[in-house]
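Below: the structure, in structure tokens.
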Amino acid sequence: MSQLTDQIIEALKDKAIPEKLEFFPKFFKAGPGEYAEGDLFLGVKVPEQRKIAKQFFQDISMDELSELIQNPYHEVRLTGLIALVYRYEKSKSEGEQKELADFYLHHLDWVNNWDLVDTSCPRILGHFYWKKDKSLFYHLAGSHDLWRQRVAMISSLFWIKKGEFKDALAIAEMLKDHPHDLIHKAVGWMLREIGNEDMEEELKFLKKHYKSMPRTALRYAIEKFPEELRQDFLKGRI
């Protein structure tokens, strides 16, 4: 590891909190048989990771970013991803953005928990592919990898915020019957975001699918509905 990489990891270790170190493996499901089995933690809160990433992102090399993102410790990976997002957002050209988006895709094996996905993919992949062909995301959604499927769904947040729903709705339809609740939550969340922009678009999707959707996805999708309408969906009265 480089001197800068060591410096970043030491800065994170200095911010470790013993209570968080005890809590995080339970919160992020790192126990035997759970979705993040074996993940390691330092016990550092996200605001501290953001400060450290902001301090170093302009000076760090791509090789050093790669070292951070492949680190066995969860907070080191997340700090590396946050630094990559900052680097992407400061990039001056589409060529540089493509390099960073490709770099992100090459490191997807280490974007392996919901917070790592949600913090990074909309702001990198969502932005870069906004006006481009979206076949990558259908490929990710059709994979058998939980985290790639979540990347496919959550990347669409950027497009939704721009008022473009077609691909988000198509990916939601692909993933709506997924067996894992982390995908149920992702689908429901993105449907709710679509409703925030255009309620009729969300309602059209829900009226077609709500009776067969997992309950968690439905609850997330209708969370902000007026109570009477929410109950109509929950009780199958639509």
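What follows is calculated from the coordinates using simple rules that are stated; it is not laboratory data. Please read all numbers here as calculations on a predicted model, not as lab measurements. Note that we place each Cβ from the backbone using ideal geometry, even for glycine, and neighbour counts take in every protein chain shown.
Quick notes on this structure:
- Unsatisfied cross-links (Cα-Cα over 32 Å) in the set K98/K211; K20/K166; K29/K54; K131/K208; K15/K90; K98/K208: K98/K211; K20/K166; K98/K208
- Within the range 65-83: backbone nitrogen closer than 12 Å to the H106 label point (7 Å, Cα to C-beta): 65-67
- Charged neighbours of Q49, selected by a Cβ distance under 9 Å, balance to +2 (K, R count +1; D, E count -1).
- Förster radius 30 Å - calculated FRET efficiency between Q70 and D177 (Cβ-Cβ, nearest 0.05): 0.35
- Likely footprinting exposure, K235, K13, fewest C-beta neighbours within 10 Å first: K235, K13
- Shown here for the range 75-114: chymotrypsin sites (Phe, Trp or Tyr not before Pro) in loop regions (DSSP other than H, G, I, E, B) with at most 15 other Cβ atoms within 10 Å, of which there are none.
- Spacing of the two label points (7 Å from each Cα toward its C-beta) at R237 and E37, in nm: 4.5 nm
- Taking label positions 7 Å along the Cα-Cβ direction at both E200 and E223, the computed distance is 2.6 nm, reported to one decimal.
- The peptide list 27-39, 43-55, put in order of mean Cβ contacts within 10 Å with the highest first, becomes 43-55, 27-39.
- Alpha-carbon Rg/Rh ratio, for the chain, with Rh computed the Kirkwood way: 1.00
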